[in-house]
Amino acid sequence: MIDLRSDTVTRPTAAMRRAMAEAEVGDDVYGEDPTVNLLQEKAAELFGKEAALFVPTGSMGNQIAVKLHTKQGDEVIIEERGHIFNYEMGTPAVVSGVMIRPVRAANENGLLTWAEIESAIHINQPYYACPTGLICLENTHNFGGGSVMSANETSEICQKAHALNLPVHLDGARIFNSAVAQFETVANLTKDVDSVQFCLSKGLGAPVGSMLLGKKDFIAEARSWRKRFGGGMRQVGILAAAGIIALEESPKVLHLDHENAKRLAEGAANIKGIKIDAEKVQTNIVIFDVSETGKTSAEICSRLKESGILAIPFGKAIRMVTHYDVSRDDIEKTLGELQKILET
Ligand SMILES: Cc1ncc(COP(=O)(O)O)c(C=O)c1O
């Protein structure tokens with residue numbers, strides 16, 4: 001199977017499996033797992049943040065941040081297609097008692113400008129509006145097609161938010177893709193955010209795990225909330241060992257996934273009926289419109305599946321995500337199959 005549904009399908013590398021087998025472990029709920037502690041130290045250092053916490057999933061990292069930055073009845077501003085809003089099971093409402101204020105970015109890439117955020121902020125409106133408690137950004141923006149926000153854009157939003165005493169959380173599930181695409185450091189991209197979550201388990205290839213980073217006090221509180229969420233794990237150094245390799249080795253090869261995504265987008269743009277601007281593909285996510293092909297996205301995906309290719313239909317579009325288990329040959333085969341389905 002050529003699995004282009006997501007970069008979450010990556011399997012651990014041989015080096016990760018070896019490290020997992022040999023990992024030194026302890027009880028992490030007591031803070032005694034040396035491999036987890038090492039991973040947390042390495043992540044904090046790389047991002048230039050005071051502290052880091054290993055959490056089982058990106059969703060948990062994001063939702064702990066939402067919980068800690070807000071109080072019940074607050075509003076959280078996020079781009080309308082953002083993951084925290086659409087794909088985390090309503091947890092902001094269920095756990096934090098907050099409302100989401102979705103804002104549609106004018107740009108199809110899903111990246112909000114300060115002007116767009118500002119127009120949705122509610123402060124000093126007692127008895128009417130829910131006060132804004134948090135701004136959430138997403139870099140790369142998944143459903144904006146893996147688009148990247150620059151360090152300057154991020155810092156500008158943070159500084160303006162901070163001037164209004166509003167914190168900013170970054171869902172940086174794929175922040176390393178963003179950094180690689182922009183020849184930037186993850187520290188620069190996240191310099192002014194109050195907290196950031198990134199995933200070890202997506203393009204970086206670890207089997208499980210995400211990191212939440214921020215100030216020391218914030219991460220100490222996050223530890224308690226991780227436990228409340230049921231995420232206090234024991235000899236979890238087994239997983240952190242793979243995370244360390246993901247953190248240190250995987251960013252070096254992410255550019256290959258981006259090159260494959262670009263080739264996929266360029267090839268798809270030449271197939272009858274497919275609409276995509278390949279210029280706009282910056283990282284490993286390719287979303288193309290198939291509404292003018294005469295077939296639905298579901299039909300196309302089901303035909304691809306018969307040829308051993310998996311992709312996800314999203315309304316009138318199809319999403320394909322490249323990762324290290326997808327080769328250039330797989331991309332060429334996918335393009336060939338798409339052409340067969342749509343042009344013959
Ligand atoms: C942008 C983004 N944020 C957060 C997550 C959540 O990660 P997890 O699946 O580990 O909960 C995902 C997962 O696909 C994602 O794409």
Subject >> Counted residues, the stretch 124-163 - those being assigned to a helix (DSSP H, G or I) and not hydroxyl-bearing (Ser, Thr, Tyr) >> reply: 11
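Every residue, every condition in (1) free of Cβ contacts under 8 Å to residues at least 60 places away in the same chain; (2) of a type outside the set (A, V, I, L, M), yes or no:
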position: Ser6; (1), (2): no, yes
position: Val9; (1), (2): no, no
position: Ala19; (1), (2): no, no
position: Gln40; (1), (2): no, yes
position: Glu45; (1), (2): yes, yes
position: Val76; (1), (2): no, no
position: Phe85; (1), (2): yes, yes
**OP:** Evaluate the stretch 35-45: report whether one residue or more is under 21 Å from Phe229 (Cα atoms) and surrounded by fewer than 20 Cβ atoms within 10 Å (Cβ to Cβ).
**Re:** yes
Original post:
Residues of the stretch 60-107 being among the acidic types (Asp, Glu), surrounded by 19 or more Cβ atoms within 10 Å (Cβ to Cβ) and part of a loop (DSSP other than H, G, I, E, B), which ones?
Top reply: Asp74, Glu88
Original post:
For Val29, are the conditions met, namely being of a type in the set (A, V, I, L, M, F, W, C), within 24 Å of Phe143 (Cβ to Cβ), part of a helix (DSSP H, G or I) and touching a residue at least 12 places away in the same chain (Cβ under 8 Å)?
Top reply: no
Original post:
Are any of the residues in the stretch 136-143 surrounded by 21 or more Cβ atoms within 10 Å (Cβ to Cβ), of a type in the set (Ser, Thr, Tyr) and closer than 29 Å to Arg319 by Cα?
Top reply: yes
**OP:** Would you mention how many residues in the stretch 45-73 are more than 16 Å from the ligand (Cβ to nearest atom), aliphatic (A, V, I, L, M) and in contact with a Ser or Thr (Cβ under 9 Å, 6 or more places away or on another chain)?
**Re:** 2
**OP:** Just need a number here: residues in the stretch 110-130 that are at pLDDT 95 or above and touching a strand residue (DSSP E or B) at 6+ places or on another chain (Cβ under 7 Å).
**Re:** 8
**OP:** Could you please give the count of residues in the stretch 83-113 that are more than 16 Å from the ligand (Cβ to nearest atom) and either acidic (Asp, Glu) or at positive phi (or both)?
**Re:** 2
Original post:
Would you pick out the residues in the stretch 144-189 that are crowded, with 24+ Cβ neighbours inside 10 Å and of a type in the set (Phe, Trp, Tyr)?
Top reply: Phe176
Subject >> Criterion: farther than 17 Å from Gly243 by Cβ and of a type in the set (Ser, Thr, Tyr) - qualifying residue of Thr70, Thr57 >> reply: Thr70
**OP:** Sort out which residues of the stretch 319-331 are in a helix (DSSP H, G or I) and either under 20 Å from Thr293 (Cβ atoms) or small (Gly, Ala, Ser) (or both), and write them in order of number.
**Re:** Ile331
Subject >> Every residue from the stretch 164-174 that is more than 12 Å from Leu254 (Cβ to Cβ), within 11 Å of the ligand (Cβ to nearest atom) and assigned to a loop (DSSP other than H, G, I, E, B) >> reply: Gly172, Ala173
**OP:** State whether the residues of the stretch 32-44 include one that is within 15 Å of the ligand (Cβ to nearest atom), of a type in the set (A, V, I, L, M) and on the phi < 0 side of the Ramachandran plot.
**Re:** no
Original post:
So which residues in the stretch 125-163 are small (Gly, Ala, Ser) and either within 16 Å of the ligand (Cβ to nearest atom) or in contact with a Gly (Cβ under 9 Å, 6 or more places away or on another chain) (or both)?
Top reply: Gly133, Gly144, Gly145, Gly146, Ser147
Subject >> Test: residue in the stretch 175-184 that is within 25 Å of Thr283 (Cα to Cα), in a loop (DSSP other than H, G, I, E, B), modelled with pLDDT of 95 or more and not small (Gly, Ala, Ser) >> reply: yes
Original post:
Going through the stretch 22-53 one residue at a time, which ones are more than 21 Å from Val196 (Cα to Cα) and aliphatic (A, V, I, L, M)?
Top reply: Ala23, Val25, Val29
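The values are calculated or read from the model by the stated rules, or taken from the named source; none is laboratory data. All of these numbers come straight from a predicted model, not from anything done at the bench. Backbone-built Cβ (ideal geometry, glycine too); neighbour counts: all protein chains shown.
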